[in-house]
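Below is one structure, written out as structure tokens; comments come after it.
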Amino acid sequence: MKRLLSLILFLLPFSVLAQEPSFDQYFTDATLRLDYVFCGNSAEQSIYLQSMTRTGDWAGRRKHLAEPLLKGNGQIRVLEPRTGKVLYANSFSTLFQEWQATPEADEVNRAFENCFQVPFPKAPVEIEISLTDIHNIPCAMLTHTVRPDDILIRQQQDNGNQCKELAWGGSLEGAIDIVILSEGYTSSQKRKFFSDAARARDALFAHEPFASRKGEFTIRAVFAPSQESGPSQPGKGEWNNTAVGSHFDTFYSDRYLTTSSMQKVYDAIGNVPFEHVIILVNTPVYGGGGIYNSVTIMGSDHSTFRPVLVHEFGHAFGGLADEYAYDSEGNDCIYPADTEPWEPNITTLVYFESKWADLLPEGTPVPTPVDPIERQQDVRRIWSSLGPEAKASLNLKLGVYEGAGYQMQGVYRPVQECRMRINECEEFCPVCVRAINAMIDYYTK
Ligand SMILES: [Zn+2]
């Protein structure tokens, strides 16, 4: 028996034995919330620690602790000080980095709040947080020590916000925990919020692969009352007093609904265990956004609520890129030609083998010519008149189609139409489905 065990240990990949830290050895069943400020301009960036909070039970992964599934545009790592061993790591993207690509970032330095959760350490640890540039090269880093007995680690207080469970995926250890937070709902609109949150859950679970795997998700809705109804609309001169300060016109783009008050968001949901946040904003106006491992934010009452919510959650949960392109100048520097993007559903062909090359039917030309029907504007207009076969062909026929990631040239997508490309197409493409499934497995297996 002993010999068999040692043989098994020998056969296990060395990396598994060497790298995979045990949760219980290093962490206690609690959460350390770390608040940072990312600041800079289009040319430089720096990171500052603002505060630390101990919150409730740890809802995140207890396996695959040291390796993020995707690289993201930044990473946070917990290190053992003596050995430098990685005890926990996660990746993310940020609103700050999106802002760095705007013209305003050439003119002024600005600061953005960011909050992260890591498991609460049993002994002093080093936290290393870094941002990477569009070439996937680290461009800012902060390392600091956290001592678990530090008296200035704030204790999360009861915020009084009501929580309702909308879906149950099992224990915190096994399930993927999502919280849906109210924004722009007054006290008298509490019932509407819980009803809207249930619609959000239903929208998510109506789409594959979430439909098949809904038993692995726990969804809780948290009601944080706002003083006024609806988000701010600066373009119309309307500023409202709301729970987490959301507003349209982010970066002067009228449809871009976000909040820069991430600390308010984390304060509002601090009594609830979670891994992903959906901020549901009480408005009929079209708008929303999704940032990988940061936040999904979504207006509640527009007719496109269901597909857009799922699209944005595709960004925030699955790390999926937009598969659409703009026929205009000025977007040519987001995915440079010499760098393979980390997002699983687009490629610059620098390292296509790491993407969906294994799924491509033999003999598929690269790049793949699009069907005559496929011209972005046209296909959106005529989508509802297409038959199921034509729709399926556009959604399922794998290739390497040029035009994705906001760029008409040099960035390629897996299919002609996908949930990550146009609102009219309900379904994710096979590559996006595989990527989401891989992420669900990463959390739960
Ligand atoms: Zn796709």
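Only the coordinates and a few stated rules stand behind these numbers; no lab work does. Note that the structure is predicted; figures quoted are calculated from it, not measured. Glycine gets a Cβ as well: all are built from the backbone with ideal geometry, and neighbour counts include every protein chain shown.
If one computes the Cα centroid of segment 368-445 and of segment 59-123, what distance in Å separates the two points? One Cα centre to the other: 29 Å. Among the listed pairs LYS63/LYS190; LYS63/LYS214; LYS397/LYS445; LYS63/LYS122, which have their C-alpha atoms separated by more than 27 angstrom in this model? Violating the 27 Å limit, Cα to Cα: LYS63/LYS190; LYS397/LYS445.
The alpha carbon radius of gyration of segment 312-445, expressed as a multiple of 2.2 N^0.38 Å, is 1.01. Among DSSP bridges having both ends in the chain, what percentage is antiparallel? Round to the nearest 5. About 75 percent, rounded to the nearest 5.
Of all DSSP-defined beta bridges confined to segment 162-318, some 40% are antiparallel rather than parallel.
Is the shape of segment 97-201 best called rounded, prolate or oblate, per the rule: a/c under 1.5 gives rounded, else a/b larger than b/c gives prolate, else oblate, with a ≥ b ≥ c the square roots of the Cα gyration tensor eigenvalues? The shape class here is oblate. Subtracting the Cα-Cα distance of GLU80 and ASP202 from 0.36 nm times their residue separation leaves 39.7 nm of extension gain. Note that the chain shows a convex hull volume over its alpha carbon atoms of 167 Å³ per residue. Dividing the convex hull volume of the alpha carbon atoms of segment 352-419 by its residue count gives 101 Å³ per residue.
Stokes-Einstein diffusion of segment 162-318 at 20 °C, 1.002 mPa s viscosity, Kirkwood radius from Cα pairs, rounded to a whole number: 140 µm²/s.
Length available on full extension from SER130 to GLU173: 0.36 nm per residue minus the Cα-Cα distance, which gives 12.8 nm.
Taking GLY160, GLY169, GLY215 as the candidate residues, the one with maximal mean-square fluctuation in a Gaussian network model of the chain, Cα springs under 10 Å, is GLY160. Estimated translational diffusion coefficient (Stokes-Einstein, Kirkwood radius over Cα pairs, 4 °C, 1.567 mPa s) of segment 127-185: 78 µm² per second. Sorting THR55, THR296 from the fewest to the most surrounding beta carbons within 10 angstrom yields THR55, THR296. Taking a ≥ b ≥ c as the square roots of the eigenvalues of the alpha-carbon gyration tensor, segment 392-441 is classed prolate because a/c is 1.5 or more and a/b outweighs b/c. In segment 91-150, one over the average inverse separation of all distinct C-alpha pairs is 13.9 Å, which is the Kirkwood hydrodynamic radius. For the pair ILE382 and SER354, label points projected 7 Å from Cα toward Cβ lie 3.8 nm apart. Normalised by 2.2 N^0.38 Å, where N counts its residues, the alpha-carbon radius of gyration of segment 203-262 equals 1.51. Residue exposure proxy: SER42, SER294, ordered by other Cβ atoms within 10 angstrom of their Cβ from fewest to most, comes out as SER42, SER294. Computed log10 I(q)/I(0) for segment 15-155 at 0.12, 0.13, 0.20 Å⁻¹: -0.50, -0.58, -1.21, from the Debye equation with unit scatterers placed on every C-alpha and solvent omitted. Compute the length gained on full extension between HIS64 and LYS445: take 0.36 nm times their separation in residues and subtract their Cα-Cα distance, giving the result in nm to one decimal. Additional length available on full extension: 136.3 nm. With a cut-off of at most 13 other beta carbons within 10 Å, and DSSP calling the residue loop, which GluC sites (Glu not before Pro) in segment 102-187 qualify? Please list them. Qualifying residues, ordered by number: GLU107.
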